[in-house]
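S.K.: Please read through the structure below; I'll follow up with questions.
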Amino acid sequence: MNNDQQVQSMLDVMSKFVGYIGIKLPDDVEAKLQELSKQETSPLAIKIYETMFTNQKLAHELYRPSCQDTGVLQFWVKCGSKFPLIGELEAMLKEAVVRATIETPLRHNSVETFDEYNTGKNVGHGTPTVFWDIIPDSDEVEIDAYMAGGGCSLPGKAMVLMPGAGYEGITEFVLDVMTSYGLNACPPLLVGVGVATSVETAALLSKKALLRPLNSSNPNERAAKMEKLLEDGINSIGLGPQGMAGATSVMGVHIENSARHPSTIGVAVNVGCWSHRRGQIRFDKALNYTITTHSGVKL
Ligand code: SF4
């Protein structure tokens, strides 16, 4: 294949992949929803989970979006410095979103700020957002795609705490966000927490935390303990499915952290909803692809 053919081949895969993750939830989310549904005893909570599962089954069978809000696309790209299409990748991802919007179809969610018109293509100035990590000497690429819905983006919040606030301050911040804005997203939620120096570093880590597989823990055992304590605390609010009360509130709490300035604690919360649409795809240099988040996919 020459360069143009390679671009068209990868574009074809990526546009189908973007559409597919809007239709089908990843394996770990499906399994977690099943697990949480079995803990419910109230008839309303049981019925809501049953409705969710029927909705997901029909979405797959009819090839319709898992939720009407198919979000704004965000891509996290770990690209080898020797991947053959590194220079074409960002423009290709944008074009893949346009194609998926027409072919799937996806809801039109890209409104030009200040000009206040909807582009109708799910792309615009700076969207889809692409976050890059360049991996030296690798010739492969790994792409995490995430659909940021309106409801699940609304609880997002970041601030910088005084150093004396300590880990108690982080806990208070997270619980304040969850008890005030948590219900803007549809529970059970995945709560991403970033801890760093400043608002932007904490915010990026809190979104990165939403890409981690469910049931995984922060490698630092004290951070992992805090994940569990926060999960127990938010579960005790008893939001239940769709916030209609129930045994649990969350699919998990994930903390991602960096070293930080001794005088500050940057903290951020990002939330994923029960229709947590993310997918990961890897390409080798010959453009053979592997999807790691969804089993048995044929694009
Ligand atoms: S919060 Fe999630 S499930 Fe609820 S409407 Fe938004 S995208 Fe859909």
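S.K.: Determine whether segment 29-41 contains at least one residue that is of a type in the set (D, E, K, R), part of a loop (DSSP other than H, G, I, E, B) and farther than 19 Å from V250 by Cα.
M.R.: No, because not a single residue in segment 29-41 is of a type in the set (D, E, K, R), part of a loop (DSSP other than H, G, I, E, B) and farther than 19 Å from V250 by Cα.
S.K.: Name the single residue that is farthest from the ligand (Cβ to nearest atom) among those in segment 275-299 being within 14 Å of the chain's Cα centre (by Cα) and open to solvent by 20 Å² or more (accessible area, probe 1.4 Å).
M.R.: Q280
S.K.: On the given criteria, is V195 β-branched (V, I, T) and open to solvent by less than 40 Å² (accessible area, probe 1.4 Å)? I'd like the intermediate steps shown before the answer.
M.R.: On the way: β-branched (V, I, T): yes; open to solvent by less than 40 Å² (accessible area, probe 1.4 Å): yes.
Against the criterion (β-branched (V, I, T) and open to solvent by less than 40 Å² (accessible area, probe 1.4 Å)), V195 qualifies.
S.K.: Would you confirm whether any residue within segment 69-87 is β-branched (V, I, T), assigned to a helix (DSSP H, G or I), in contact with a helix residue (DSSP H, G or I) (Cβ under 7 Å, 6 or more places away or on another chain) and at pLDDT 95 or above?
M.R.: No, segment 69-87 contains no residue that is β-branched (V, I, T), assigned to a helix (DSSP H, G or I), in contact with a helix residue (DSSP H, G or I) (Cβ under 7 Å, 6 or more places away or on another chain) and at pLDDT 95 or above.
S.K.: From the list A268, A196, A209, A203, exactly one residue is modelled with pLDDT of 95 or more and more than 19 Å from the chain's Cα centre (by Cα). Which is it?
M.R.: Unique residue meeting the criteria: A196.
S.K.: Taking the stated definitions as given, is T54 within 16 Å of the ligand (Cβ to nearest atom) and part of a helix (DSSP H, G or I)?
M.R.: yes
The values are calculated or read from the model by the stated rules, or taken from the named source; none is laboratory data. As the structure is a prediction and not an experimental result, all values here were calculated from the model. Heads up, the Cβs are rebuilt from the backbone with ideal geometry, glycines too, and the neighbour counts pull from every protein chain shown. Just the protein is used for accessible areas: all its heavy atoms, side chains included, with ligands, DNA and RNA removed. Shrake-Rupley method; radii C 1.70, N 1.55, O 1.52, S 1.80 Å.
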